[in-house]
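A.B. asks: Quick one: structure below, then a few questions.
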Amino acid sequence: MKNPIVVLGLLLGGLLLCNCHPQKKVVTNENPVGRSFDIVSMPGADSFTGGKPFLQFGASGQLGGNTGCNGFFGDYKLQGNNLTLNIQGATKMYCMEVNEEGFFELMQKVESFTLAGGNMKLFGQGKELAILRERVEQK
């Protein structure tokens with residue numbers, strides 16, 4: 001019969017060797033360029049009573065979209081999973097039930113994103129700011 005201490009020592013040694021170089025979890029993002037995303041949720045907007053707010057990422061850094069009432073335009077900068085949105089202008093229709101100022105303020109806080117399987121999350125100031133889902137164009 002083998003010495004149980006030797007067997008235990010070999011098992012523990014093997015476990016230590018396996019854990020010496022832990023694998024880093026690699027997060028890969030899909031690219032949002034050329035795609036549109038409906039905003040599903042964001043703080044202070046439990047439901048959207050107007051139109052459906054969305055973001056559209058153009059191929060050359062152009063940003064477009066809608067707040068649920070007014071259209072807007074601007075640009076974005078994308079580097080890895082870092083993302084900044086710069087809204088430069090918007091239409092000026094009266095919007096009774098849409099908090100556009102809050103929407104624009106929130107979009108200016110975006111610092112990064114994740115995107116997988118058409119589901120996008122925007123992050124800023126160390127917290128999740130909004131959840132989006134890729135817009136399916138109806139033909």
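A.B. asks: Could you please tell me the mean projected area of the C-alpha convex hull for segment 35-134, averaged over all directions and given in square nanometres to one decimal? Kindly include the intermediate steps, with their values, before the conclusion.
C.D. replies: Working: hull surface 23.7 nm².
Mean projected area of the Cα convex hull: 5.9 nm².
A.B. asks: I would also like to ask the following. How far, in nm, would the chain grow between ASN31 and GLN108 when pulled straight, counting 0.36 nm per residue and subtracting the alpha carbon separation? Provide the component values of the computation, followed by the final result.
C.D. replies: Details: separation 77, 0.36 × 77 = 27.72 nm, distance 1.99 nm.
Taking 0.36 nm per residue and subtracting the Cα distance, the gain is 25.7 nm.
A.B. asks: Taking H placed 1.01 Å from N in the peptide plane, check which residues at least 5 places from ARG35 or on another chain put their amide H under 5 Å from its amide H.
C.D. replies: PHE57
A.B. asks: Using a Förster distance of 25 angstrom, determine the FRET efficiency expected from the C-beta separation of ASN119 and LYS77, and round it to 0.05.
C.D. replies: Working: r = 22 Å, r/R0 = 0.88.
For R0 = 25 Å, the calculated efficiency reads 0.70.
A.B. asks: Further question: Which residues does the label zone of ARG135 cover in segment 83-126, counting backbone N under 13 Å from a point 7 Å along Cα→Cβ?
C.D. replies: Those under the cut-off are none; the list is empty.
Coordinate-derived values only; no laboratory data. These figures come from a predicted structure and were not determined experimentally. So basically every Cβ, Gly included, is an ideal-geometry build from the backbone, and we count neighbours across all protein chains shown.
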